[in-house]
1. Leaving out ligands and nucleic acids, note down the accessible area per residue over the range 1-116 with a 1.4 angstrom probe, in whole Å².
2. Could you work out the longest stretch of the chain that avoids the chymotrypsin sites (Phe, Trp or Tyr not before Pro) located in DSSP loops with at most 14 other Cβ atoms within 10 Å?
3. Answer rounded, prolate or oblate for the range 185-246, using the Cα gyration tensor with square roots of eigenvalues a ≥ b ≥ c: rounded when a/c is under 1.5, else prolate when a/b is larger than b/c, else oblate.
4. If R₀ is 25 angstrom, what is the calculated FRET efficiency for the pair SER123 and ALA184, using the beta carbon separation as r and rounding to 0.05?
5. How many percent of the accessible area of the chain is carbon or sulfur, using a 1.4 Å probe?
6. Taking R0 as 30 Å, what's the FRET efficiency between HIS192 and SER18 from their Cβ-Cβ distance, rounded to 0.05?
7. First check a/c for the range 1-63, with a ≥ b ≥ c the square roots of the eigenvalues of its C-alpha gyration tensor; if it is under 1.5, answer rounded, and if not, answer prolate when a/b is larger than b/c or oblate otherwise.
8. When the helices in the chain are scored as -39500 (n - 2.57) per DSSP H run of 4 or longer and the sum is shared across all residues, what 222 nm value do you end up with, to the nearest 500 deg cm²/dmol?
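The values are calculated or read from the model by the stated rules, or taken from the named source; none is laboratory data. Since the structure is predicted, the reported quantities are computational estimates derived from the model, not experimental observations. Reconstructed Cβ throughout: ideal geometry from the backbone, glycine too, with neighbour counts over all protein chains shown. When the accessible area is computed, the model is the full protein with side chains, heavy atoms only, and any ligands, DNA or RNA have been set aside. Shrake-Rupley method; radii C 1.70, N 1.55, O 1.52, S 1.80 Å.
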Amino acid sequence: MNRPLALDRIRVVLSRTSHPGNIGAAARAMKTMGLRDLWLVAPESFPDEVATARASGAVDVLESARVVGTLQEALADTVFSAALTARRRELSLPRMQARDAARELVGRSTDGIVALVFGNETSGMTNEEVGLCSLPVTIPTDPDFSSLNLGAAVQVLSYELRMAALGEAAAAPADAQAEPATHADFEGFMAHLERVVTASGFHDPANPKRLLPRMRRLFNRVRLEKEEVAILRGMLTTFETPKRRG
């Protein structure tokens, strides 16, 4: 069976991994399902002999892995991202179960690079990290024993991604699609928006409460296109420009 091309556009991101063995286990889990693109955000130890030993046949995935300092860097060129999180978060979008999320990621991969993000083994993903992603994802484990180690979680999602890619979700859409905004486009817009609402007095940085997280959730739900971001930023620029008196 041929390897689905959709898998080439799926990036696995491990954020702040504390044990190198888990990196190796994740690489092995990825390779068994045809995934190759591994990014590491501020790992505690990498490269590491323990990671190499645990990879067991997937050393090539480790050797090609990209190491970056922030999750922003890992997501900059992506058009969609999903964050694995077991906790309910008040200001995040509704969580999607792994199987449905895999279909969503594969479908979005027709527009560009998509990412699946895993957090630290002990603390998971922070609220800020989840907020940077387009979609929260959960694995429907038994509530009486819901603990999954990192390698196992990567294996479950990698399997679901492969099955989705082999199915009809991997088919390209019949109609031409507008170019989606990348993560970098979206973050540039959010920074611009924060600057404008702060300058206008609508947002008080000393008393931020939940305004900006709610606005981020709103625009994440919309799934902005690149042209739409340009329109919105043009509008914000107009608000920043003083009107000339006639």
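1. 46 Å²
2. By the stated rule (loop sites, at most 14 other Cβ atoms within 10 Å), 1-144.
3. Cα axes put the range 185-246 in the oblate bin.
4. 0.45
5. 52 percent
6. Calculated value: 0.30.
7. Here the range 1-63 falls in the oblate category.
8. -13000 deg cm²/dmol
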